[in-house]
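Participant: Below are the structure tokens for one structure; questions will follow.
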Amino acid sequence: MKVFAHRGYSSKYPEATWVAYEKAVEVNADGFECDVRLSKDGQVVCFHDRTLKRIGNLNKPVSKLTAAQLRQYVQAISLEELLELAITEKKNLLIETKHPVLTGGQIETEVLEIVKKRSKLIEESGIEVTLMSFSFLAVWRMKRHYRDVIKVIKYPWAFFIKNSKNFAISIEALKKHPGIIKRSAGKRIYVWTVNEAEDLKWLKKRDVYGVITDRPKRARNILFR
């Protein structure tokens with residue numbers, strides 16, 4: 001079972017920042033997870049929310065700020081920077097494109113271009129870069145040009161209409177309907193966001209591929225001891 005640091009080691013350090021991902025390396029996370037959006041100047045930045053209100057106490061949309069401003073306000077890093085770190089440290093990377101956004105599928109286009117430009121380095125490092133989204137259309141767009149794409153599922157019914165073989169599902173949905181695991185034999189299941197010891201112990205006995213967690217150190221201690 002792989003442990004993916006959700007926005008880095010985000011239970012202890014500012015989420016989706018350079019330090020959060022570096023600290024995830026220190027506790028031996030197998031990979032990183034990030035959410036990506038487009039800044040005002042068209043840069044792909046690692047940021048989850050639509051606005052800076054929760055993280056930066058600033059009620060401004062990410063799309064209305066430049067990458068430099070986002071770096072100043074919330075220490076935001078670019079996807080290119082995170083991918084370089086993943087290649088250097090040999091960490092797998094899950095990249096989630098956020099929707100809905102006014103720019104539509106442009107985020108997928110930019111993400112695919114960034115990954116494509118570094119495809120040789122990715123291959124040489126031996127890491128896996130997986131693209132994902134809650135959006136059915138986003139998954140469809142990415143699958144046309146990239147092999148490793150998964151659908152993110154929040155509710156159990158979405159399992160039956162997903163448009164990818166492998167998928168990411170919430171721990172709440174999976175615990176309510178554990179039969180999904182049996183139905184998905186031979187497929188990769190990623191489970192998010194798994195922070196509680198009870199949930200980690202429950203997953204330890206199940207056949208899932210990856211755990212996405214804010215607490216990578218706790219996850220490794222429970223899953224591998």
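Participant: Return the only residue of SER119, SER133 being without any contact (Cβ under 8 Å) to a residue 40 or more places away in the chain and touching a helix residue (DSSP H, G or I) at 6+ places or on another chain (Cβ under 8 Å).
Facilitator: Exactly one residue qualifies, and that residue is SER133.
The rows are residues; the columns are (1) outside any helix (DSSP H, G or I); (2) modelled with pLDDT under 95; (3) out of contact with any Phe, Trp or Tyr (no Cβ under 6 Å at 6 or more places or on another chain).
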residue: VAL139; (1), (2), (3): no, no, yes
residue: PHE160; (1), (2), (3): no, yes, yes
residue: ILE180; (1), (2), (3): no, no, no
residue: LEU203; (1), (2), (3): no, no, yes
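Conditions (1) crowded, with 18+ Cβ neighbours inside 10 Å; (2) aliphatic (A, V, I, L, M); (3) more than 17 Å from the chain's Cα centre (by Cα), marked per residue:
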{"position": "GLU108", "(1), (2), (3)": "yes, no, no"}
{"position": "VAL115", "(1), (2), (3)": "yes, yes, no"}
{"position": "MET132", "(1), (2), (3)": "yes, yes, no"}
{"position": "PHE160", "(1), (2), (3)": "no, no, yes"}
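Participant: Right, next: Taking the criterion of being under 14 Å from the mean Cα position of the chain (by Cα), of a type in the set (Val, Ile, Thr) and buried (at least 21 other Cβ atoms within 10 Å of the Cβ), would at least one residue in the range 54-76 satisfy it? Before you say what the answer is, go through the steps one by one.
Facilitator: Residues of the range 54-76 that are under 14 Å from the mean Cα position of the chain (by Cα), as a first pass: none.
The answer is no; no qualifying residue exists.
Participant: A further question follows. How many residues are surrounded by fewer than 16 Cβ atoms within 10 Å (Cβ to Cβ) and either touching a residue at least 24 places away in the same chain (Cβ under 8 Å) or part of a helix (DSSP H, G or I) (or both) when one looks only at the range 141-158?
Facilitator: The total comes to 2.
Participant: Residues that are of a type in the set (Phe, Trp, Tyr): which strands (runs of 3 or more DSSP E) entirely in the range 1-111 hold 1 or more of them?
Facilitator: Strands (runs of 3 or more DSSP E) meeting the threshold: 2-6, 31-38.
The values are calculated or read from the model by the stated rules, or taken from the named source; none is laboratory data. If you're wondering where the values come from, they're calculated on a predicted model, not measured in any experiment. Here the Cβ is made from the backbone with ideal geometry for all residues, glycine too, and neighbour counts use every protein chain on show.
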